[in-house]
Structures are given as structure tokens and as C-alpha cells.
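Taking it in order: structure first as C-alpha cells, then the write-up.
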Amino acid sequence: MTITRVPQAERTRLMRARLLEACVELLVERGFAGTSTTLVSQRAGVSRGAQLHHFPTKNDLVVAAVEHLAEARGDALRAAATGIRPGPKRTRKVLEMLAEHVTSPVFTAALELWVAARTDPVLLAAVAPLEQKIGRELHSLTVELLAADESRAGVRELVQATLDLMRGLGLAATLSDDARRRHRILDRWACTLDTVLEEPA
């Protein structure tokens, strides 16, 4: 019987992935204050020593976890974007895709970090650059999906307003089931975007 050994690099990658996924789950379930490195290592089935080797502090762990999930969600967004075809409903479909992003666990976990970072300078120093990077990538993807011409006056601000609207809807969804109201708002905003973006330059 032949036993196939998993290379060390692959074992390390899988262990880190378990830690990051466990951390995100706990951020969503218990919030930043209720998430500890001990709970993360227990849920991931990883020894405390191994966890501390890769992520010496709680801040290191939670920032890496949200970045990991944001990258995965970004890949999922880009994959979903390939299924959106040109047509009269395209703008509405783009908005629905963005709304699903801000009502997903990655947004809830990120929100926990934003609140904690407000009064934690060390955490803020780690979270702020990450959020700026994610924001730029999401803005670029939205511009591409909407075929928005940002050389036109006001279009860049309109795209940013769209993303700010999405974050607000995502925040509302953390407090209650806001789906019905969210759908009505997205319908109206899609009409607004189409009117402005289709105006002659």
C-alpha cells in the first residue's frame, strides 16, 4: 500500500486557510470582541503554537482573514460578472450582484473590523490600507461592468455613490431582513444610472 505524503507547503497552506475561515466565521457569529485566537485555533483544529507561529496577534489574524475572504469574494464577483450579458436589464443585474456582495459574510466581518479599528490605532493602521485596496478594486470592477465613462463630468462620483449606497444597504441588512426594501431601491437606482450613463456626452 502506497501512502501519498502531502508536501509541507501544501499542509501549511491548508492549515492557514482553516485558521482564516474559522476566524471569519467567528467574526460573523461573535463580533470582533468575541473573537479570540484561542477560539479560532479550536474551531480550525489547529494547535495554539501553530496558530501563533503564523499569526502572532489577534490583529494579524483578523486582518489576514478578512483579506483572504475579500480576495475569494472578489474572484467570485469577477466570475459572476462574466455571466452578465449586455441588454436592457444589465445595470439592474450589476446592482444585484453588488448587493449580494455587501450582504455576504465578508461584509459583516469587515464591518466588525471597521468598528473596532475606529478606536484601535494599531488595527486601523492595518485595516485602512486593506480597505483602500479593496475599494479601488471594487470601483474598477463596477466601472467596467457598467461601461461607465469616467472621463465625463460626474460619472466617477456617480459610481462611487453607487458603492456607498451598497454599503449602506449592507449595513441595514445586518440589523434586519431588508430584502424587499432593498429590491425597490435597486430598481429605482438602476433607472437613475441608466438615465445618466446613457445621456449623450
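Each distinct pair of alpha carbons in the stretch 60-152 adds a 1/r term; the inverse of their mean, the Kirkwood radius, is 14.4 Å.
Compute the FRET efficiency between E157 and R48 as 1/(1 + (r/R0)^6), taking r as their Cβ-Cβ distance and R0 = 41 Å, and round to the nearest 0.05. Given R0 = 41 Å and the Cβ-Cβ separation, E is 0.25.
Ordering 79-87, 144-152 by mean Cβ neighbour count within 10 Å, with the highest value first, yields 144-152, 79-87.
For the chain, averaging the sequence separation of C-alpha pairs within contact (under 8 Å, six or more residues apart) and dividing by the residue count gives a relative contact order of 21 percent. Rounding to the nearest 10 and keeping the result within 0 to 90°, find how far the Cα-based axis of helix 90-102 lies from the longest principal axis of the chain. The answer is roughly 30 degrees. When the alpha carbon coordinates of the stretch 92-201 are projected onto the principal axes, the ranges are 48, 33, 17 Å, largest first. Between the stretch 36-57 and the stretch 61-97, the C-alpha centres lie 30 angstrom from each other.
Here S140, S104, S41, S176 are placed in order of increasing Cβ neighbour count within 10 Å, fewest first, which gives S176, S140, S104, S41. Using the empirical formula 2.2 N^0.38 Å as the baseline, the Cα radius of gyration of the chain reaches a ratio of 1.19.
Listed from fewest to most Cβ neighbours within 10 Å, the set S47, S36 follows the order S47, S36.
Legend: ranking of residues C191, C23 from fewest to most surrounding C-beta atoms inside 10 Å; resulting order C191, C23.
Rule-based calculations on the coordinates, nothing more; no lab input. No experiment lies behind these values; they were computed from the predicted model shown. FYI the Cβ positions are ideal-geometry reconstructions off the backbone, even for glycines, and counts take in every protein chain you see.
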